[in-house]
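Here the structure comes first, spelled out in structure tokens, and everything after it is commentary.
FYI, it's all coordinate maths here, none of it is from the lab. From a predicted model like this one, the values you see are computed outputs, not experimental measurements. Cβ: placed from backbone, ideal geometry, glycine included. Neighbour counts: every protein chain shown.
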Amino acid sequence: MKADVAIIGGTGVYDYDFIEEIETVEIDTPFGNPSARIKIGEYGGKKIALLPRHGEKHTIPPHMINHRANIFALHKLGAKRIIATAAVGSLKEEFEPGDIVFPSQFIDMGKEVVTFYDGPQVMHVSLADPFCPDMRYLMVKSANSLGIKYQDKGTYIRVAGPRFSTRAESKMFRQFADIIGMTSIPEAVLAREKEMCYGLIAAVTDYDVWAEKPVDAQEVVRVMKENSEKIEKIIKDMLIRLPFERNCICARALENAGF
């Protein structure tokens, strides 16, 4: 079974009822098991692979996600593009809870090294533009056509989690970034190393603690559920718009990365 496009579902976004003829597959990887068995179906003439980032019942915390196994498995299935969703906190007043953000840059404050290349082969991929620009363009086009409020760019800062920030950390982070999360950046890095396109639909669930109100996990889930309908509409529209051919930087990421 092969896939054209993969969807990685984040917090609160697990069900894609519009995907038809679902089949479940188990994929072995050199890095262990993915977060869950991968479901494969069809929409818009494309084969779609579905993977819940935190497991089928949200039992995997951010710091325990096996990102290498997840991306390797999707690549093994043949997926050339990944549409990912994620819940994020806002570091800026203009990025309001309920907004959809299509990040253009990231800062990684995670504690682990994220790569497929541990040696003897050494590769240094460029992440100057870490999110596929072609996919971001289509996400913006879809949101516009659907009348959904969005931010067309922004910097995502990633922290290791699973705890939320202190007030001092949050005030520091907002000097450099617009939104904050715990999960998506390793996916973007590993996807680029596999020459896969990666686009992120980030849903703002709350203002981070710089705004003086402590982050409440239950509030995050509630707002994320409200955003799930908008996310589904964008994904459905995108899947129809996505061409099979790719002309972006992602498809050539390894050309000048080796020695």
Study note, to complete from the structure: From the cross-link list Lys111/Lys236; Lys47/Lys153; Lys141/Lys225, the entries with a Cα-Cα span beyond 25 Å are Lys111/Lys236; Lys47/Lys153
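Quick check on my link table: of Lys2/Lys230; Lys2/Lys92; Lys92/Lys194; Lys46/Lys194; Lys80/Lys213, which ones sit more than 31 Å apart, alpha carbon to alpha carbon?
Details: Lys2/Lys230 28 Å; Lys2/Lys92 41 Å; Lys92/Lys194 33 Å; Lys46/Lys194 20 Å; Lys80/Lys213 41 Å.
Result: Lys2/Lys92; Lys92/Lys194; Lys80/Lys213 exceed 31 Å.
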Revision key, fill the gap. Of 194-202, 134-142, 147-155, ordering from highest average Cβ density within 10 Å down gives 194-202, 134-142, 147-155
Review point. So how far apart, in nm, are the two label points at Met1 and Lys149 if each is 7 Å from Cα heading toward Cβ?
Key: 3.9 nm
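Can you give the direction-averaged projected area of the convex hull of the alpha-carbon atoms in the stretch 162-259, in nm²? Don't jump to the answer; show the numbers that get you there.
On the way: hull surface 35.7 nm².
Quarter of the Cα hull surface area: 8.9 nm².
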Review point. Given 10 Å bins starting at zero, what is the percent of C-alpha pairs of the stretch 5-252 in each, up to the one with the largest pair distance?
Key: 7, 34, 39, 18, 2
